[in-house]
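Written below as structure tokens is the structure these notes are about.
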Amino acid sequence: MTLASATVGSGRHGPPGKRAGKRTEGRLDRGAGTWFLVLPALIPILVLSVGPLLYGIALAFTDAQSGRTRATQWTGTLNFQDLLHDGLFWESFRIGLVWAVGVTVPQFVLALGLALLLNENLRMRWLARALAIIPWAMPEVVVGIMWRLVYNPDAGILNETIRDLGLGDGRDWLTGLATALPAVIVVGVWSGMPQTTVALLAGLQNTPHELHEAAALDGAGAWRRFRTVTWPAIRPVALSITALNFIWNFNSFALVYVLTNGGPGGRTRLPMLFAYEEAFRYGQFGYAAAMGCVMVAVISVILAVYLAGRLRGGDDR
């Protein structure tokens, strides 16, 4: 009976080699079908992102300029050699790092506090959540114009408040050498905080409530519950949103362009503004492309070190 069963089974399912061939064909068919489904989303990414990126990298090794009558020449690493000795670029890079850190850190701290508050069972919580994301819904150009009015030295609400409180006559916040960058950082924190709040709030809402109840029954206070329950639960979200915020803030352009246009005296000239001026004001497309490549490389290294350190710290715990 055993032999008969084996014979019937083999007749029903076919030889092992044939079954393996059918499974391989099935996997190939599924793979082709998967690529067919992915292509509509993949083609725009290749055309609009990967293609321009590769073109920009290639442009960095040329002497491309606007309005030239002769053909663009391949110059190798000449643009990068010039960048090494360009003090203005490295100063703008330093300002960009100060701006990115100065915006990202307060942005995260304030957004975390706001997310914890909005996660509580408060009255009119839906309205508070809606109001909290208003800055996120506003275009950066509109935000810049609005805050220019706030910082207006003559009729701005900030200086008017200072005068009403008897704290002085106010000052020109966006044109002062000492106040321009801090004033712009405040705007960056305000405009970018909602997206961080939403991400952290989503992480808080995915934290099991039973864990908080168990910690409370064990006598854990609010800080201990946050440190042992809340923070480990939202840590992956916090890591991701902080890295993304750093990239977005370092690559900021429109907000600072509208507020100060890089002034006064280059005190708010971020690297992206510097590259923009080189490309579209002075027509040095190859040199500007080299700046872009250096920015991408340096920020990639900084983020790799940051992420590696944070993930290693998570594994140790």
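Laid out as a table, the results:
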{"item": "Cα-based equivalent ellipsoid, segment 243-317: semi-axes from gyration tensor eigenvalues, Å", "result": "30, 15, 8"}
{"item": "Residue with peak Gaussian network fluctuation, the chain [Cα springs, cutoff 10 Å], from Ile57, Ile302, Ile133", "result": "Ile302"}
{"item": "Assigned charges on the beta-carbon of Lys, Arg, Asp, Glu; the chain dipole about Cα centre (debye)", "result": "1400 debye"}
{"item": "GluC sites (Glu not before Pro) restricted to DSSP loop in segment 95-192 with at most 10 other C-beta within 10 Å", "result": "Glu120"}
{"item": "Descending principal axes extents, segment 55-204, alpha-carbon based, whole Å", "result": "67, 45, 26"}
{"item": "Choice from Asp86, Asp164, Asp154 with maximal GNM fluctuation in the chain (Cα, 10 Å cutoff)", "result": "Asp164"}
{"item": "Sorted largest first, extent of segment 155-260 alpha carbons per principal axis (Å)", "result": "55, 36, 19"}
{"item": "Environment charge at Ala64 (Cβ cut-off 12 Å; Lys +1, Arg +1, Asp -1, Glu -1)", "result": "0"}
{"item": "Mean accessible surface per residue for the chain, computed with a 1.4 Å probe while every protein chain stays in place, in Å²", "result": "60 Å²"}
{"item": "Once exposed loop chymotrypsin sites (Phe, Trp or Tyr not before Pro) are cut out (DSSP; at most 16 other Cβ, 10 Å), longest piece of the chain", "result": "1-252"}
{"item": "Hull shadow area, averaged, the chain [alpha-carbon convex hull, nm²]", "result": "30.7 nm²"}
{"item": "Förster-model FRET efficiency, 25 Å R0, Arg310 and Asp218, C-beta, rounded to 0.05", "result": "0.35"}
{"item": "3J(HN,Hα) from dihedral phi, segment 186-191, Karplus parametrisation 6.51/-1.76/1.60, rounded to Hz, x for glycine, proline", "result": "4, 5, x, 5, 5, 6"}
{"item": "Along principal axes, Cα extents of segment 216-278, largest first, whole Å", "result": "61, 20, 14"}
{"item": "Contact order normalised by residue count of the chain, Cα under 8 Å, 6+ apart, percent", "result": "27 percent"}
{"item": "Paramagnetic reach from Phe80 in segment 31-66 [backbone N under 19 Å; point 7 Å along Cα→Cβ]", "result": "53-64"}
{"item": "The chain: most fluctuating residue of Gly286, Gly67, Gly176 per GNM, C-alpha cutoff 10 Å", "result": "Gly67"}
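The values are calculated or read from the model by the stated rules, or taken from the named source; none is laboratory data. Note that the structure is predicted; figures quoted are calculated from it, not measured. Because the Cβ atoms are built from the backbone with ideal geometry, glycine has one as well, and the counts that use them run over all protein chains shown. Accessible surface is based on the protein model in full, side chains and every heavy atom, while ligands, DNA and RNA are left aside. Shrake-Rupley method; radii C 1.70, N 1.55, O 1.52, S 1.80 Å.
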